[in-house]
Each structure stands twice: as C-alpha cells, then as structure tokens.
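One structure below.
Any read-out appearing in this document is the output of simple, stated calculations on the displayed coordinates, not a laboratory observation. Owing to the predicted nature of the structure, the values given are computational and were not obtained by experimental measurement. All Cβ positions, even for glycine, are placed from backbone atoms using ideal geometry, and neighbour counts span all protein chains on display.
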Amino acid sequence: MTSITLPERCDRAAAEALLPEMIAALGSGALEIDARGCRQIGQAMLQLLISARQTGDGAVIHPSDALREVASLTGLTDELFSGVLA
C-alpha cells in the first residue's frame with residue numbers, strides 16, 4: 001500500500017503537486033492518505049480525494065478534524081469515508 005501525507009494547507013496548488021504522485025501509485029494497491037495534519041482544505045483537494053477513493057484499488061483516508069468538518073459541511077462524508085474506519 002502506497003502512503004501519501006497531505007500538507008497542512010490543502011489548496012489547489014497542493015492538489016496539483018500531489019496529482020502526479022497519486023497517478024504514479026495507481027496499480028500498486030489501495031492508496032493510504034494521511035490527512036491528519038490538514039487544517040485547511042479546498043475544493044480541488046476534495047475532488048482529488050474523492051477521485052482517489054473511486055480510482056483503481058481506492059484509497060483509505062485518515063482525516064483530521066478539519067477534513068471531517070469540511071466533509072460534513074459539503075455532504076461528502078460518505079464519498080470520502082464510507083466503508084473505512086476513519
């Protein structure tokens with residue numbers, strides 16, 4: 001399982017920087033995403049995380065409180081965390 005750690009600020013620039021790493025991880029099993037240090041999450045990162053969950057072998061996201069709150073506010077809790085003990 002490939003592991004990726006997200007930065008504290010997960011804005012569009014962070015999503016663009018992480019995209020190649022996530023694409024490279026395709027085909028090597030489920031992706032493990034450590035988002036416990038995230039304090040600020042933007043729309044682009046939410047889209048990238050949902051894509052990671054739905055692509056290839058999927059992804060397991062370990063969220064911060066901030067990511068849980070944003071997921072709840074945007075109605076994306078199931079898309080990001082369903083079927084996973086997060």
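Tabulated data
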{"item": "Cα centroid separation - segment 1-46 against segment 61-84, whole Å", "result": "14"}
{"item": "Cβ-Cβ FRET estimate between residue 3 and residue 40, R0 fixed at 25 Å, reported to 0.05", "result": "0.70"}
{"item": "The chain, dipole about Cα centre (Lys/Arg Cβ +1, Asp/Glu Cβ -1), debye to the nearest 20", "result": "100"}
{"item": "Whole-Hz couplings from phi, Karplus 6.51/-1.76/1.60, listed for segment 31-38; x for Gly and Pro", "result": "8, 9, 10, 8, 10, 5, x, 5"}
{"item": "Cβ crowding within 10 Å averaged over residues, with 56-65, 69-78 ranked highest first", "result": "56-65, 69-78"}
{"item": "Chain lengthening between residue 82 and residue 50 when straightened (0.36 nm per residue, less Cα-Cα)", "result": "10.4 nm"}
